[in-house]
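The values are calculated or read from the model by the stated rules, or taken from the named source; none is laboratory data. Predicted, not measured: the structure shown is a model, and the values here were computed from it. Cβ sites come from the backbone with ideal geometry, for glycine too, and all protein chains shown count toward neighbours. These accessible areas exclude ligands, DNA and RNA; they are computed on the full protein's heavy atoms, side chains included. Shrake-Rupley method; radii C 1.70, N 1.55, O 1.52, S 1.80 Å.
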Amino acid sequence: MPKMSGRERSQRQRRDPITHPGYECPVGRQYGKHSIWEPDARESSAAAAECPALACATCSGLRLTVASAAAGCFRMAVLSRPDIVSWSVTKLGHWDVRSPEQIFGRYALPASGALLDVGSNLGWFSWLFAQGGRRVYAVEAFPTNQRAYRTTLCLNPAWNGSVTLAATAVGGPDAAGPCVVSGSAGDNAGNGVLRCGRAEGCEAARAGGLACEPATLTTLDSLLERWGDPRFAVVKMDVEGAECDVLKGGQRLFSRSPPRFLYAELKQPHVEACWREAALRHGYRAATPWRGKDRNLLFVREEAPAVPAGPLGPYSNSCCGWTPESRLLPCNFACTAADAHFSAAKHRWEPVASRTAASGG
């Protein structure tokens, strides 16, 4: 095939636009290898008429763009403030991945089952699954992101019946408010940080130019019960260091119908430790290498007996001796801070001193 010039490529794209059910993706100026669309006044006015949050960018903190996923294009609300997710969707057309298949690699998604998107941010992963016809349950604590999420749903009404948003923070069973959630400094305005306790407020965050608002708090178990314990194929979690607490308050995930896949950001050591231990106990193994600087990791559930909790309880941060090659199986798993290890032969935790005597340890 002869090489096309940029002008010829643009003309061809205009003749053969990417389409999504109910929406045709417009083509605009070139940005590197990507064709970027910037809304004109007419398009912005039309979107604002549909979804009032877009009528006043300074009031809502939102603006309109068009996202380009593998399944097609769709209109999406992003943040006006400096925000890496908003920048990526606006300039590159997508965030992180363009389809679920890029996350799961050689593993096929189950034919049925919903997505649980905990820490949905602007909803990128929710939209990828909604495009594919999946039921989506999302949890987002930051009101700014909640407004963007609802506005994208408004812009894509075909998804309204399949997407449920819980506008709340989730934590452990002992968590208590009041809570506030604020944006992050730099180019990560939509990265909500939750703080709970009587002394917490928004004064310092707002003085630093950050968005900050009150947030409600519940547990994941409470939400699952309210939703009727849906069957999930995938659980994605990114809650900026609170993942361990969310797991403590979300044991219905594993006691009812365990999801096939878990996908989480494990860049913080204590989160990595508690997720590896939870994966071990509930029969999951690491399925793919780390993704990116945030160390996103996919776990897949194996048909194997669950491992009982360690001597420090189900969420001790003392796990070590794990490698991807061990496939999260019980053998060679140790918690040195607890001076114990798991014996596969006896299917129980034992002191390290007895390790040499445990044939399967």
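Considering only GLY161, ALA189, VAL235, and ranking their Cα positions along the charge dipole of region 62-300 that arises from unit charges at the beta-carbon of Lys, Arg, Asp and Glu, the one farthest toward the positive end is GLY161.
The charge dipole of region 137-227, taken about its Cα centre with unit charges on the Cβ atoms of Lys, Arg (+1), Asp and Glu (-1) only, comes to about 200 debye. The overall shape of region 62-300 is rounded: from the C-alpha gyration tensor, with semi-axes ordered a ≥ b ≥ c, the ratio a/c is less than 1.5. When a/c reaches 1.5 or more, the comparison of a/b and b/c decides; with that in mind, is region 194-300 rounded, prolate or oblate per its Cα gyration tensor? Since a/c reaches 1.5 but b/c is at least a/b, the shape of region 194-300 is classed as oblate. Applying the criteria of a DSSP loop state and at most 16 other Cβ atoms within 10 Å to the chymotrypsin sites (Phe, Trp or Tyr not before Pro) of region 90-124 yields TYR107.
Over region 62-300, what percent of the accessible surface lies on carbon and sulfur atoms, probe 1.4 Å? Roughly 50 percent, rounded to a whole number. With 0.36 nm allotted per residue and the present C-alpha distance subtracted, the ALA207-ARG226 stretch has 3.1 nm of extension available. Under 5 Å between amide hydrogens, built in the peptide plane, is the criterion, and for ASN188 it picks out ILE84 among residues at least 5 positions away or on other chains.
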